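Q: Below is the structure I would like to discuss, written out as structure tokens.
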Amino acid sequence: MKRFHSIKKNSDYQKVYKNGISYANKYLVMYVLETDGDDIRIGISVSKRVGNSVVRHRFTRLVRESFRLNRDRLKSGRDIIVVARAAAKDKSFDRIERAFLHLCGLHNILKESK
């Protein structure tokens with residue numbers, strides 16, 4: 001299974017928070033920063049306010065899977081941070097994926113459909 005690059009360093013998170021553009025909807029907040037590289041990196045942040053560790057890890061898996069399934073539709077050369085809102089706690093994969101794609105559309109990082 002091919003793994004994708006994720007944002008791991010706190011300094012990288014802070015750079016995206018400080019210099020990136022953010023949009024939000026009911027379930028997610030997304031920060032996007034254009035980079036010089038050809039790859040897309042994703043970081044996922046879930047606060048303890050969202051729930052216990054089981055709930056937070058489930059949300060992380062849902063967002064990671066949404067990213068994996070739609071990665072080919074995204075423009076390259078971006079750092080993306082997805083932050084969970086408390087309303088996303090009990091939501092299904094379908095809702096989380098729709099919220100993710102909605103924010104990608106607002107950020108204009110979806111490739112044009114042919």
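Values quoted throughout were computed directly from the atomic coordinates according to the rules given, and no laboratory measurement underlies them. Keep in mind that what you see is a predicted model, and the values were worked out from it rather than measured. Positions of Cβ are backbone-derived with ideal geometry, glycine not excepted, and every protein chain shown enters the neighbour counts.
Q: Would you calculate the separation in nanometres between label points at Ser6 and Asn52, each defined as 7 Å from the Cα along the Cα-to-beta-carbon direction?
A: About 2.2 nm, to one decimal.
Q: OK, next. So which trypsin sites (Lys or Arg not before Pro) in region 1-55 are both in a DSSP loop and have at most 11 other Cβ atoms within 10 Å of their Cβ?
A: Sites meeting the loop and neighbour criteria: Lys2, Arg3, Lys8, Lys9, Lys26, Lys48, Arg49.
Q: Tell me which label goes with the value of percent of Cα pairs over 20 Å apart computed from the coordinates here: (i) 37; (ii) 49; (iii) 54.
A: (i)
Q: Moving on. Roughly how many Å is it from the Cα centre of region 60-114 to that of region 1-56, as a whole number?
A: Each part's Cα centre sits 11 Å from the other's.
Q: Which residues in region 13-29 have a backbone N closer than 15 Å to a point placed 7 Å from the Cα of Arg95 along the Cα-to-Cβ line?
A: Backbone N within reach: 25-29.
Q: To continue, here is another question. With runs of 4+ DSSP H residues as the only contributors, calculate the mean residue ellipticity of the chain at 222 nm using -39,500 (n - 2.57) per run, divided by the residue total and rounded to the nearest 500.
A: -12000 deg cm²/dmol
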